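Here the structure comes first, spelled out in structure tokens, and everything after it is commentary.
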């Protein structure tokens with residue numbers, strides 16, 4: 001096995017270990033809140049994104065799940081009083097899902113579920129973090145292009161993003177210049193670029 005294959009496999013293994021940490025942190029929250037991991041993720045998502053992203057079909061795309069799976073989880077959250085469905089005026093079959101007061105309070109309480117991981121990331125020097133986030137974004141973009149993932153809500157896949165020289169980029173939407181360290185993953189105002 002070549003050195004390239006070894007490092008590539010080690011990186012994949014390291015990502016798997018980090019996903020394991022994410023799962024453990026998420027499970028800790030689910031036990032405390034008596035909600036499933038996907039229900040927790042939906043509460044966080046609904047608290048972050050605008051109404052146009054908070055429909056069953058859009059959430060199914062975002063999470064790479066079937067509409068039936070998303071509907072079941074949302075119905076359970078609705079039964080428990082965390083979310084409400086608001087019928088759209090122009091399409092009676094479509095609903096926008098929003099958080100109730102209970103859902104908002106729970107979302108605020110669970111918002112920092114990744115704080116342990118973030119506290120360890122904060123210990124690294126900025127230049128290493130910038131290199132790391134650039135590699136991760138490039139990896140996500142590559143997986144998105146191949147169709148492995150269906151939504152890549154990042155600056156580098158957004159029609160508002162203008163890449164710049166020496167790590168200074170421009171966001172047309174906000175008219176801000178951004179350094180590599182300021183690029184976003186999970187932007188609520190992301191617009192897919194037609195040709196990436």
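FYI, it's all coordinate maths here, none of it is from the lab. Fair warning: this is a prediction, and the values are worked out from it, not measured in the lab. No Cβ is skipped: glycine too gets one built from the backbone with ideal geometry, and neighbour counts run over all protein chains shown.
Rounded to the nearest 10 degrees, the inclination of helix 126-145 to the longest alpha-carbon principal axis of the chain is 60 degrees.
Viscosity 1.567 mPa s, temperature 4 °C: what is the translational diffusion coefficient of region 54-174 from Stokes-Einstein with a Kirkwood Rh over Cα pairs, rounded to a whole number of µm²/s? This corresponds to a translational diffusion coefficient of 73 µm²/s. Once the Cα atoms are used to define both axes, helix 3-33 deviates from the longest principal axis of the chain by about 30 degrees. Estimated from helical segments only, the mean residue ellipticity of the chain at 222 nm is -16500 deg cm²/dmol, where each DSSP H run of four or more residues counts as -39500 (n - 2.57).
Rounded to the nearest 10 degrees, the inclination of helix 101-110 to the longest alpha-carbon principal axis of the chain is 30 degrees. For region 4-26, the residues whose backbone nitrogen is under 18 Å from a point 7 Å from the Cα of residue 148, taken along Cα to Cβ, are 4-20. Spin-label model, residue 22/residue 34: points 7 Å from Cα along the beta carbon direction are separated by 2.8 nm.
By how many nm would the segment from residue 121 to residue 78 grow when fully extended, if each residue of separation counts as 0.36 nm and the alpha-carbon distance is taken off? Spell out each step's value before the answer.
Working: separation 43, 0.36 × 43 = 15.48 nm, distance 3.53 nm.
Difference between extended and current length: 11.9 nm.
A straight line joining the Cα centroids of region 104-121 and region 33-100 runs 20 Å.
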